[in-house]
Amino acid sequence: MSDRIDSDAGSDGATPGSGRNLPPLRLHVPEPKFRPGDTADFSDFDIPPAGAQARPDEAAQPGEMRDLAYGLVRVLDQDGIAVGPWNPNLPAETLLKMLRAMALTRAFDARMFRAQRQGKTSFYMKSTGEEAVSIGAALALASDDMCFPSYRQQGILIARGWPIIDMMNQIYSNKGDRLKGRQLPIMYSAREAGFFSISGNLTTQYPQAVGWAMASAARGDTRIAATWCGEGSTAEGDFHSACTFASVYRAPVIMNVVNNQWAISSFSGFAGAEATTFAARAIGYGIAGLRVDGNDALAVYAATRWAADRARANAGPTLIEHFTYRVEGHSTSDDPSAYRSADEASHWPLGDPIARLKKHCIGLGIWDEERHAAMDRELAEMVRDAAREAEKNGILGHGLHHPMESMFEDVFEEMPWHLREQQQAMLDEWKAAGL
Amino acid sequence: MEGGGPVSEANEPKAKVASKATEPEVVTDIQQMNMIQAINSALDVMMGRDPDVVVMGEDVGYFGGVFRATAGLQQKYGKNRVFDTPITECGIIGVAVGMGAYGLRPVPEIQFADYIYPALDQLVSEAARLRYRSAGEFISPMTVRSPFGGGIFGGQTHSQSPEGIFTHVSGVKTVIPATPYDAKGLLIAAIEDNDPTIFFEPKRIYNGPFDGHYDTPAKSWAGHDQAQVPTGYYRVPLGEARVARAGQALTVLCYGTMVHVVENTVAEMGVDAEILDLRTLVPLDIEAIERSVRKTGRCLIVHEATRTSGFGAELVAQVQERCFYHLEAPIERVTGFDTPYPHSLEWAYFPGPVRIREAINKILKD
Ligand SMILES: Cc1ncc(C[n+]2csc(CCOP(=O)(O)OP(=O)(O)O)c2C)c(N)n1
Ligand SMILES: [Mg+2]
């Protein structure tokens, strides 16, 4: 047998193109600024002042607002004062609700992370430092707008008042889990909360959100859709399919890119951040693009509100980049000290979203340190009590799961013969084995 | 069209040269390795021998892969040859097709087999058919490495066994090792092979063979004879099965993790089974299968993948077509159920000792 071609090109003496008097080509492979052992230094990071960005009309043409895809919408300044045209001027009640939901999300994450470490479940993912992204947005949407989240927006469920014990049952994969123990922990689904079933496969939710929004528009509904993915996930084809559909049909959808700068061990440069911003992806599609300080809950709220009003006015979709930082490891399976500087998180200049909102509330005179500390204690207890309750329904691997035969349910609406047969065979075999 | 390739020699008919690797060196040193180390060693050996070999994928570069299979390679061979990629599996495989067209020999990693689906078009319509549609003018010599299979509580998106999707496609080879020794030798053979190869790594046995008893402490590869791995170059040829256990009572066809589960179950039962570790599904070692089934007259097929249209169905057909008059009992299959991989019921789903034992008893009763 002979092949008409071998693989000889390009690496031995006979380099193709040699003989031409041209400089050799070079491959650029991105490299993050800091690696383990380096001291993170963000002094050259130019923080745009709060309040400096213009706020266009909700019906503005995408071409008139391109600057916003490269800037950074910020509302809270260094002193925690809300400034500028994007200030949403929220009532005290909303601010405190927002603060509480963020603090609860953090307490929940702490508890569930610990539960995984104690062997009570297989896996967990925190959203530390990114609480504003999901909670600011959730509170700016109507409660019946449909969310298509990734795995790091547990804050949406918490902001929508979903019972945390239900989330814990899912995490423990126990007999109280409405999803029947079928999904990896944190892959929630809560239709009643307008929260789509989370997929383990990245960015699949993006075109789905656009489809939901198109359906809503086609039916003359008033509800809009919102979706989230990480900056790393914008590389997937689904992201680009979603943008194209959203643009073509002017779908009433908000597409959020949570730029926490890391995708497991890969920094945002591997998703294109060395070349441009993620919000600027919108420009090529003719979509409105906003780049927002993701650690500023008020900026997230304001941008989401702007995009929601725009969608409701049939003025089209918006792509929002939330610039933030992934403070913790990717998941319980990850140790970030192997690939990034240990002090990046503490040096990150946009600060902690909870601390910033707290400062704002204290400055307004509607909050104080004592009340905050009391709230943290109360939430820690609440989460602990809920976890104990949930654990009564079982923890992973300790027998209190849904019945074995339930494995065959919901593959189809009606169980076909082959699944019935497999179900029966399984039960017979286990019985025969005395189990 | 005359001369589609980038180099003029490309149009010269050539003897089949698998790769630009230098001649095999003499193997001297043997080391105890787990499967990750063996895979890492195969990549290291091939990168050292063949400058066209490049390794790419999500998190494979600086970090060395989420399972550490590519650890140290970027430091050793540089970022031009070992690099992280954007998170787009379709992009990774498409780029690997292009690099192959240039003349490189890419070894892309898909982080989990469950994430290979976005790459299907590039694999099925492109890599698998490039040689055919260009009548050999272009080839796609990539080896796609990807951890697969269950047993680590990964839920439905970190547990699947999609090998049957690829064995169904003409033009790709499918390889699944069951031991560190084979993982290295087969990976080297796959990289040297000029056709696109899917190399599924059973992640449950990365760190140790698995006997099927999830409730007993995990074993390591230490002391296992198949974990004695030469540090240098060697090949385990594609298309050759391994007799994991010789026997007379029945033939068990299996691969990957299930080889160890079967070995242990057979030992517990005291049955004189012949266990064939298929190692390569396409091209299949049909002679080894025929030889064994004609000898034993009984055949069990075990795989973790779902049942309907699973690779076991193909094996049943082959055995039936070739060994019908030697069979003394109906062929049995033990497989994953036709459901997604459930998280909490992982061990009820996994085709473990209980089900294998039942099937063997049934086959031997007839
Ligand atoms: C299709 C697909 N490919 C790969 C993975 C593995 N994976 C899970 S999370 C992740 C990184 C995602 O990073 P990013 O989008 O930035 O989100 P973040 O984790 O930072 O929130 C990868 C590669 C996956 N889940 N799905
Ligand atoms: Mg990220």
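The values are calculated or read from the model by the stated rules, or taken from the named source; none is laboratory data. Since this is a predicted model, take the numbers as computed values, not measurements. Reconstructed Cβ throughout: ideal geometry from the backbone, glycine too, with neighbour counts over all protein chains shown. The protein model used for the area step is the full one, side chains on, heavy atoms only, and it has no ligands, DNA or RNA in it. Shrake-Rupley method; radii C 1.70, N 1.55, O 1.52, S 1.80 Å.
Counting just the residues of the range B:110-127 that are more than 11 Å from chain A (Cβ to nearest Cβ) and open to solvent by less than 10 Å² (accessible area, probe 1.4 Å), which one comes out nearest to B:P196 (Cα to Cα)?
Of all residues in the range B:110-127, those more than 11 Å from chain A (Cβ to nearest Cβ) come to B:110, B:113, B:120, B:123-127.
Pick out the ones that are also open to solvent by less than 10 Å² (accessible area, probe 1.4 Å) and you get B:110, B:113, B:123, B:127.
On the way: B:I110: 14, B:A113: 16, B:L123: 8, B:A127: 6 Å.
Checked the range B:110-127; the qualifying residue nearest to B:P196 (Cα to Cα) is B:A127.
Taken together, the residues in the range B:249-298 that are part of a helix (DSSP H, G or I) and under 13 Å from the mean Cα position of the chain (by Cα) amount to 3.
For the range B:42-88, taking the residues that are open to solvent by 10 Å² or more (accessible area, probe 1.4 Å) and assigned to a helix (DSSP H, G or I), the one that is nearest to ligand 2 (Cβ to nearest atom) is identified as B:Q74. How many residues, within the range A:240-272, are surrounded by 24 or more Cβ atoms within 10 Å (Cβ to Cβ), over 18 Å from A:A307 (Cα atoms) and more than 10 Å from ligand 2 (Cβ to nearest atom)? Summing the residues that are surrounded by 24 or more Cβ atoms within 10 Å (Cβ to Cβ), over 18 Å from A:A307 (Cα atoms) and more than 10 Å from ligand 2 (Cβ to nearest atom) in the range A:240-272 gives 2.
Could you tell me whether A:Q170 is away from ligand 1 (no atom under 16 Å from the Cβ), within 14 Å of chain B (Cβ to nearest Cβ) and at negative phi? For A:Q170, the condition - away from ligand 1 (no atom under 16 Å from the Cβ), within 14 Å of chain B (Cβ to nearest Cβ) and at negative phi - is met. For A:D335, the conditions (1) without any contact (Cβ under 8 Å) to a residue 60 or more places away in the chain; (2) within 16 Å of ligand 1 (Cβ to nearest atom); (3) open to solvent by less than 40 Å² (accessible area, probe 1.4 Å) are fulfilled apart from (3). Which one is surrounded by the fewest Cβ atoms within 10 Å (Cβ to Cβ) among residues in the range B:195-223 that are in a loop (DSSP other than H, G, I, E, B) and touching a Ser or Thr at 6+ places or on another chain (Cβ under 7 Å)? By that ranking, first place goes to B:N207. Before we move on, is B:R279 outside the structural domain of B:R204 (by the TED database), on the phi > 0 side of the Ramachandran plot and surrounded by 23 or more Cβ atoms within 10 Å (Cβ to Cβ)? Yes. Report whether or not B:V107 is β-branched (V, I, T) and either touching a strand residue (DSSP E or B) at 6+ places or on another chain (Cβ under 8 Å) or within 9 Å of another protein chain (Cβ to nearest Cβ) (or both). Yes: the conditions hold for B:V107.
Here are B:I30, B:I36: which of them is among the aliphatic types (A, V, I, L, M), touching a residue at least 60 places away in the same chain (Cβ under 8 Å), away from chain A (no Cβ under 12 Å) and more than 17 Å from B:K203 (Cα to Cα)?
Working: B:I36 fails: more than 17 Å from B:K203 (Cα to Cα).
That would be B:I30, the only listed residue that is among the aliphatic types (A, V, I, L, M), touching a residue at least 60 places away in the same chain (Cβ under 8 Å), away from chain A (no Cβ under 12 Å) and more than 17 Å from B:K203 (Cα to Cα).
For the range A:1-29, a residue qualifies if it is modelled with pLDDT of 90 or more and at the interface with another protein chain (Cβ under 8 Å from one of its Cβ atoms), and the qualifying residues are A:L27, A:V29.
Go through the range A:391-435 and count every residue that is of a type in the set (F, W, Y) and more than 9 Å from every other protein chain (Cβ to nearest Cβ).
Selection size over the range A:391-435: 2.
Considering only the range A:342-349, I want to know if a residue exists there that is within 16 Å of ligand 1 (Cβ to nearest atom), open to solvent by 30 Å² or more (accessible area, probe 1.4 Å) and touching a strand residue (DSSP E or B) at 6+ places or on another chain (Cβ under 8 Å). Checked against the condition, which is being within 16 Å of ligand 1 (Cβ to nearest atom), open to solvent by 30 Å² or more (accessible area, probe 1.4 Å) and touching a strand residue (DSSP E or B) at 6+ places or on another chain (Cβ under 8 Å), the range A:342-349 yields no hits at all. Filtered by the rule that a residue be away from chain A (no Cβ under 14 Å) and buried (at least 24 other Cβ atoms within 10 Å of the Cβ), the range B:128-155 gives B:V144, B:R145, B:F148, B:G149.
Can you find, within the range A:218-231, the residue that is nearest to A:E344 (Cα to Cα) among those that are out of contact with any Lys or Arg (no Cβ under 8 Å at 6 or more places or on another chain) and open to solvent by 10 Å² or more (accessible area, probe 1.4 Å)? First the steps, then the outcome.
Here is the first cut: in the range A:218-231, the ones out of contact with any Lys or Arg (no Cβ under 8 Å at 6 or more places or on another chain) are A:218-221, A:223, A:225-227, A:229, A:231.
Still in the running and open to solvent by 10 Å² or more (accessible area, probe 1.4 Å): A:218-221, A:223.
Numbers: A:A218: 46, A:R219: 48, A:G220: 47, A:D221: 45, A:R223: 40 Å.
This residue is A:R223.
Yes or no: the range A:372-390 includes at least one residue that is at the interface with chain B (Cβ under 9 Å from one of its Cβ atoms) and either at pLDDT 95 or above or in a loop (DSSP other than H, G, I, E, B) (or both). Within the range A:372-390, none of the residues are at the interface with chain B (Cβ under 9 Å from one of its Cβ atoms) and either at pLDDT 95 or above or in a loop (DSSP other than H, G, I, E, B) (or both).
Close contacts from the range B:345-366, counting a first residue that is on the phi > 0 side of the Ramachandran plot and a second that is part of a helix (DSSP H, G or I) and open to solvent by 10 Å² or more (accessible area, probe 1.4 Å), with Cβ to Cβ under 9 Å and a gap of 6+ residues or different chains, come to none at all.
Against the criterion of being out of contact with any Pro (no Cβ under 6 Å at 6 or more places or on another chain), outside any loop (DSSP other than H, G, I, E, B), more than 16 Å from ligand 1 (Cβ to nearest atom) and modelled with pLDDT under 95, A:S406 does not qualify.
For the range A:277-295, the condition holds for at least one residue, the condition being that it is more than 14 Å from chain B (Cβ to nearest Cβ), more than 16 Å from ligand 2 (Cβ to nearest atom), open to solvent by 20 Å² or more (accessible area, probe 1.4 Å) and among the β-branched types (V, I, T).
Answer with yes or no whether A:N314 is within 16 Å of ligand 1 (Cβ to nearest atom), among the polar types (S, T, N, Q) and within 24 Å of A:L141 (Cβ to Cβ).
On the way: within 16 Å of ligand 1 (Cβ to nearest atom): no; among the polar types (S, T, N, Q): yes; within 24 Å of A:L141 (Cβ to Cβ): yes.
In short, no.
Considering only residues that are more than 14 Å from chain B (Cβ to nearest Cβ) and open to solvent by less than 30 Å² (accessible area, probe 1.4 Å), look in the range A:197-217 and name the one that is farthest from ligand 1 (Cβ to nearest atom).
Selected residue: A:S216.
Restricting the range B:165-180 to residues that are surrounded by fewer than 24 Cβ atoms within 10 Å (Cβ to Cβ) and part of a helix (DSSP H, G or I) leaves a set whose member that is farthest from the chain's Cα centre (by Cα) is B:I165. On the stretch given as the range B:135-163, residues that are assigned to a loop (DSSP other than H, G, I, E, B), under 17 Å from B:G103 (Cα atoms) and polar (S, T, N, Q) total 1.
From A:A279, A:A342, grab the single residue that is farther than 22 Å from A:G80 by Cβ and at pLDDT below 95. Give the derivation first.
Details: A:A279 fails: at pLDDT below 95.
On inspection, the qualifying residue turns out to be A:A342.
Only one of the numbered conditions (1) in contact with a Ser or Thr (Cβ under 7 Å, 6 or more places away or on another chain); (2) open to solvent by 10 Å² or more (accessible area, probe 1.4 Å); (3) away from chain B (no Cβ under 14 Å) is not met by A:I156, and that is (2). Here is a check on your reading of the model: is A:P48 at pLDDT below 95, open to solvent by less than 70 Å² (accessible area, probe 1.4 Å) and away from chain B (no Cβ under 14 Å)? Judged against the criteria, A:P48 is a match.
Residue count for the range A:107-153 satisfying the condition of being open to solvent by 10 Å² or more (accessible area, probe 1.4 Å) and assigned to a strand (DSSP E or B): 1.
Would you mind finding the one in B:G98, B:G4 that is modelled with pLDDT under 95, surrounded by fewer than 16 Cβ atoms within 10 Å (Cβ to Cβ) and away from ligand 2 (no atom under 16 Å from the Cβ)?
Going through B:G98, B:G4 in turn, the sole match is B:G4.
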